[in-house]
Structures are given as structure tokens and as C-alpha cells.
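None of the figures in this text is laboratory data; all of them are computed from the coordinates on show. In this text the structure is predicted, and so the values were computed from the model without any measurement. Counting neighbours? That spans all protein chains shown, and the Cβs are built from the backbone with ideal geometry, glycine included.
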Amino acid sequence: MPGSELLCHAIRPRPCYPRHVSTATSLRNPDTPRHAAIVRVTHWITVIAFFALLISGAEIVVSHPRFYWGETGNVNMRPLFTIPIPASRDTVPTGYKYVMPDQNGWSRYLHFQAAWLAVLTGLVYGIASLLNRHFRDDLIPAPADRTWRAFRAVIAKTLRRAPLDPAEARSYNVVQCIAYLSVIFILFPLVIWTGLALSPGFNAAFPVGVNLLGGRQSARTLHFFVSGLLLLFLIIHVAMIALAGFWSRTRTMITGRLVESPKRTDKSQERPVISKESTVISEERA
Amino acid sequence: MNISRRKLITAGLAATAGASSLAAAALMARRYGLVPPDCKGFYGPGETLTYAAQRLLTTHSLAREFPRTMISKTPFANEVSPFKDDFKLHQPGTFKAWRLAVDGMVTHPASFSLSDLHSFPIRSQITEVVCEEGWSYVAEWIGTPLFEVLHSVGVLPQARYIVYFSIDRDWWESIDMADALHPQTFLTLGMNDGDLPVGFGGPLRLRVPRQLGYKSVKYITRLTATDNLKTFGKGLGSASPEAGYAWYAGI
């Protein structure tokens, strides 16, 4: 908000850089949190909702661990594939002698409640990120980075486990940008769409949703696969955080303040190459 | 952290506006029947949001109907509880003595035999049965729309729900009037050009095609119109919430 920036100037004069000038967050006021409050709050609510969805979703699959393609599918029909686990219903032929306890009641209640939480949180995040230019400034890669070369360079650097310079810790690289944008604009919309296509009430009102997916059982199978991709993202996301310093990065996502990861700062990196602008800022801070 | 007076006032106004609009929404939701009977407890908010959203979006929409070629060759009947003597007493095939009692908030309580029900307008629909477990099949369902029977007994305008009971005492459900008067909600007597097989709910099943299979109760013997679900069972609306399942099964 321009008003609050003016207020900042009045209290404590310091350079305020217009956010839309550059994606290089090193240019920003160093007091600006690494992650805005809205990002932190919606991130952790999404974490809670996602785990609830994952656990309840897996539990619902246990009642019928067979997947089909097309409109219909049941135990009298040939499945597309089967997950080799015992089922929670004795009508499902699994090859196992025992039947798991039925947990579908609370799993379904929890699944839909968590889905509401995730969708509403996602809406707040999406609208806020359009208004405060989070998407534009932080997530859309800078034109120079939109090349295969830049993409490969980031991966190579990560694989070499090369130390990060501080500017990098304040912004997302092109691989991160693409991963986050894919989750936000492809996987989440897809998982919501395929999930809604399983609702007989919703399908009555909007039949095109399920019909475009090739039928109800196709929608269920796709819902399962998209959930799998989201789980894959989660695993890689947590692994990358672990590599960068799990607690320091987690603390940053809670408090917003960037703490240098001890793992990545060795002697040679104590005085890293700093751009002219950030030198000015650090001197002013000092 | 600097908390300016402006921010404090803005936050205060936002919180007040939020709280009062929530209270107004709750009032409106109750007034327009957007609150399900199992709205209490931890999962109440999610259930209420789902039911309210679907009622606002889907009240008049029709379940998808399919061409005859899509009728499943291998439908799955699912298992039912073992039949007790009261079911076994009925003559298989004809069910001559089967009665459907209709009572509660109606001007002319009545009891119908299967042939009485056959004298109502008979319709058919090709719709999908969707089980909460994930499986499904498409079949042609033949029967009389529930609204025909409700109109004939003169259901009172105050009635808000229809409660329906299986001969299996543990299986009873209820639906709101949007579903009860919906043209695809059938008292089903036949399936795929034949009588309704016992496995699929014969002789009489209430099909609610816009909700999951467990709302389509098999072996219907009684319907009751009511404005208050609290007086039935544990007051949660139907047997499903008592067993841990949602009352509204449109999702």
C-alpha cells in the first residue's frame, strides 16, 4: 500500500524501492520479510489441509483400491489397475484374507472439510498475490531466466551443492518458480476439478466437468494421479528444504525473517559478492 | 513491529464486519434451509458449507442421464444385511403383501400396495449409482416419482423433510424437500426392463440419483413427512450420521 510506505518514510527515512521494478529481491528493503505474512499464514493452513486431505484420501482409497477408466467401474468389471493392499470392504477381491476396519465415515467428513479449508485459503492467497504482486514480482521468472540454460544451470548448481549467495536466499530461482507456479496454477486446479467431478450433486449442476474428463471413473483415477503428483511435489519440496537447512528455512516460513543457514556459509562465503545496491543498504543499516 | 492506529482501526473494522456477516450468514442459512441436521461437532462447518453450496447451486438441476448403450452389463448389487423373518415372510417374485405406509405431515395418511404404486404415472430414467466407496454402475430405473405419491397424500407445506424406512430397521434415511420433490427421485419398482431384483432393493427402493448410493434405501416400507428431524433416532437426521457418515451425500 502506498500509504503505509509514506508512513515508513515519516518514521524512519530509508530507501523504499518500488516493488515492480525488478524481481531481484536483493534490491528490496532488508527489513521486508523474506515471506510476506499472508504467504506464511496461507502456507501453514495449506500444510494442515493438505495432510488432512492426504490421510483421509488414502483412507477412502482403501475401501476400494481398484481404479477404472470411463464412466462406470465396479468389482464385476476389469480394473485399469489395482493397488495391492487389503480393502476395508469384504466385497472387494484383493487376494488378502483379512478386511481392514471401515474408516470411510470420518475420512469423508475430514476430506471435504479440509478441501473447503484448502480452497478458501487458496482463494485468499490467490487474490492477495494478485493485489500485492507476489505472483508478478516473486514467482514469474525474470525474462533472462526463462531459458533452458538458466533452468539447467540451477539444477547443476543444486546438484553440485554449490553455496548460495545471500541474494539467492532472498528470491526464488527459475526451477522453484516453475515448480510453485505448476502447483498453484495446474495441480491444485486439476485436483479440485477432478474431485468435484466425483460429486453426484455437483455433476448434476455442471455435467460438463465430469464429461470432459471422460466419465466418473476416469475422474476418480485422474484425482488419484494428480494427488500423487502433489505428494511428489511435497516430498521434493521438503527434501530441498532439508538440503538448504530444515530448521532455518522452516523458521523463516514462520517468522518471515531470513536466518542464514549455517550449512551453506563457509569461510570463503563470509564476504560474498554483493551488488552495489545491497551494499548501500547494508551500510545504511549499519 | 509497528502497529499504527490506522492498521488497528482497519483490523477492528474488518473483524467486526467479518463477525457480523458470519452471524447474518448463519441466520440466512437457517431461514433458507441450508443447514444439515448433522451440523454440530468438529465436521459441522465443512458439512454445512457443502450442503449450503450444493443447495444454492443444484436445487433444480437434473442428474446426468445416459443413453441405453451405456447401461452396465455387470451392475454390482452390493451386500445387504441378512434378511430377517419379516422379509422372508414375503412371497418372492410377487411381494403381494408388501405395503408402503405414508404418514406424518400429510392430509391423508395412506398405505399402498405395489399394484397401487403401479397405478401412479410410471417413468424411467437411465442414471448412475455411485457408491461412497468409489465404484459405480449405470442402470435403467423404472418407478413412480416420489412427488406423485406425496401429492396424492397431500403433503403439508410445513413439511421440510421426508424420512424413509427400510424393512431392515437399522436402515433409514431422510431427504429435504428439494430432493423429495425432485423429478428424478423415484419410488423404484423396476430395473432394466424387468422387476427390481431383491439384490438391487426389490420390491421397492427409493432412488435419489443426485446423492450417493447409501441414500437410496432398499426395501422401503414407510415414508414420513416432518418439519423436525430431531424426533427421529438420535436426532441427526438419519441412520448414516449415527454410523459416522454424512447426512447429505451429494458429494
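Within chain B, the selection of entire DSSP H helices by a Cα span of 15 Å or greater along the long axis and an average Kyte-Doolittle value of at least 0.0 returns B:5-31.
Per-peptide packing, taken as the mean over residues of other Cβ atoms within 10 Å, places B:127-133, A:223-229 in the sequence B:127-133, A:223-229 from highest down. Among the residues of B:44-51, the average count of other protein chain beta-carbon atoms within 10 Å of the residue beta-carbon is 5.
Bridgeable aspartates and glutamates around B:Lys7 (alpha carbons under 19 Å apart, same-chain partners fewer than 8 residues away excluded): A:Glu5, A:Asp31.
Packing order of peptides A:62-70, A:89-97, highest average first: A:62-70, A:89-97 (average count of other Cβ atoms within 10 Å over each peptide's residues).
Look at the stretch A:83-90: the mean tally of other chain Cβ atoms within 10 Å of its residues' Cβ atoms is 1.
Converting phi to 3J(HN,Hα) with the Karplus coefficients 6.51, -1.76 and 1.60 and the offset θ = phi - 60°, the stretch B:86-102 yields 4, 7, 5, 5, 6, 6, x, x, 9, 6, 4, 8, 5, 10, 10, 8, 10 Hz in sequence order, with x at every glycine or proline. In the protein assembly as shown, the DSSP-assigned H stretches of four residues or longer account for a calculated mean residue ellipticity at 222 nm of -13500 deg cm²/dmol, using -39500 (n - 2.57) per stretch and the full residue count as denominator. Highest mean first, the peptides A:166-175, B:76-85, B:22-31 sorted by other C-beta atoms within 10 Å per residue fall in the order A:166-175, B:76-85, B:22-31. Each pair of Cα atoms in the stretch A:140-257 enters the Kirkwood radius, and Stokes-Einstein at 4 °C and 1.567 mPa s then converts it into a translational diffusion coefficient of 77 µm²/s. Rounded to the nearest 20, the size of the Cβ-charge dipole of the protein assembly as shown about its Cα centre is 1960 debye, with Lys and Arg at +1 and Asp and Glu at -1. Using only Cα atoms, locate the centre of the stretch A:78-156 and the centre of the stretch A:205-260, then give the distance between them in Å, rounded to an integer. The stretch A:78-156 and the stretch A:205-260 have Cα centres separated by 4 Å. Hydrodynamic estimate: the Kirkwood radius of the protein assembly as shown over Cα pairs, inserted into Stokes-Einstein at 37 °C and 0.692 mPa s, corresponds to D of 122 µm²/s. Taking 0.36 nm per residue of separation and subtracting the Cα-Cα distance, full extension of the segment from A:Arg146 to A:Leu130 would add 3.7 nm.
Shape of the stretch B:120-172 from the C-alpha gyration tensor: oblate (a/c of 1.5 or more and a/b not above b/c, with a ≥ b ≥ c the square roots of its eigenvalues).
Dipole check for the stretch B:37-136: with +1 at the C-beta of Lys and Arg, -1 at the C-beta of Asp and Glu, and the Cα centre as origin, the magnitude is about 340 Debye. Averaged over the residues of peptide B:125-133, the number of Cβ atoms from other protein chains lying within 10 Å of each residue's Cβ is 5.
Of B:Lys40/B:Lys73; B:Lys40/B:Lys88; B:Lys84/B:Lys234; B:Lys73/B:Lys215; A:Lys97/B:Lys96; B:Lys40/B:Lys218, which ones are farther than 30 Å apart at the Cα?
B:Lys40/B:Lys73; B:Lys40/B:Lys88; A:Lys97/B:Lys96
Gyration tensor over the Cα atoms of chain B: the corresponding equivalent ellipsoid has semi-axes (square roots of 5 times the eigenvalues, largest first) of 39, 20, 17 Å.
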